[in-house]
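To start, the structure itself, in structure tokens.
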């Protein structure tokens, strides 16, 4: 069945090219910049309504990512599937939830988008909780979204919020019946994720005061896995680089890719510096301080032993990169793949082979960009 679908996609792409319709890159660039008129022209010329671009997915999905209701409405009017799934297992509703577009979320639900999914799949609630969009979380919960939905590795929205320190979302999820005792495929629960990232108050809210006092002093929680979002400037530079490449302006595209790589490297240095200063340790006791008559001044924290816990943290594979618990890519003794692409790109550019150099810069940017955010 998958082979048949792949053949149909290839055939549709070939027919579209013959009819003067866009390739996947050109399609993505136009829809991302909100060119509704161009999208309407392509659809009228026979472009399949669920045609997928090179990055995010279909036109309806890109519209959801950008929060463009007119774009989504256009593709839906031509028969786009509001619950279609892209190659990464994501739907338009997940994209709108991740980006924080509440109006787009409401519109998609009104058009039949399903907040719940079958089996262990990422849900809109996972994405909204992880990204910290409290209004969307509350809206989805009011609609009856499964508060204990399980991701592919058995993690819950509560675990996402606990990990990222989203206290308001944790409170909303618990009020809706979220279970803090659910353990994922790695043997971890929401309390562990909260404590690992020093979100002490969240851990206590999930566990309850009595249980928390019992578990806090003796537990070893492992290394923190902080999310390091890619700087907005990088997204802007990469988007502009794609536009230049689609327009055939390879030299300009190469410069923009290089600028994006510089920004990524700067963010990477900051992350490494922070990581060195905040080495996780073994908790040996809970310290609570308070002032009589001034409850707002109360504070709580963990007393730590030294030295810090060892570096044998959990490892997970995502997008071909091996991560450890400190959110760093684990590499072997051979050349770092991004650096190899950069070296190759410079050689090709010096040789005047600009088109091939541009491809190498793209590969380096993709790999480096991927190392800026740890997997959830």
I'd like to know if the range 43-52 contains one or more residues that are within 28 Å of residue 126 (Cα to Cα) and at pLDDT below 95. yes
Contact list, first residue from the range 242-262 and modelled with pLDDT under 70, second anywhere and surrounded by fewer than 20 Cβ atoms within 10 Å (Cβ to Cβ), beta-carbon distance below 7 Å, six or more apart or interchain, is 246/25; 246/26
What do you reckon, is residue 89 closer than 25 Å to residue 178 by Cα, modelled with pLDDT under 95 and over 20 Å from the mean Cα position of the chain (by Cα)? no
Here the residues within the range 117-150 that are within 16 Å of the chain's Cα centre (by Cα), buried (at least 20 other Cβ atoms within 10 Å of the Cβ) and not in a helix (DSSP H, G or I) are 122, 123, 133
Sole miss for residue 229 among (1) within 18 Å of residue 132 (Cα to Cα); (2) buried (at least 17 other Cβ atoms within 10 Å of the Cβ); (3) at pLDDT below 85 is condition (2)
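The values are calculated or read from the model by the stated rules, or taken from the named source; none is laboratory data. All values reported here derive from a predicted model rather than from experimental measurement. Ideal geometry is used to build each Cβ from the backbone, glycine not excepted, and the neighbour counts take in all protein chains shown.
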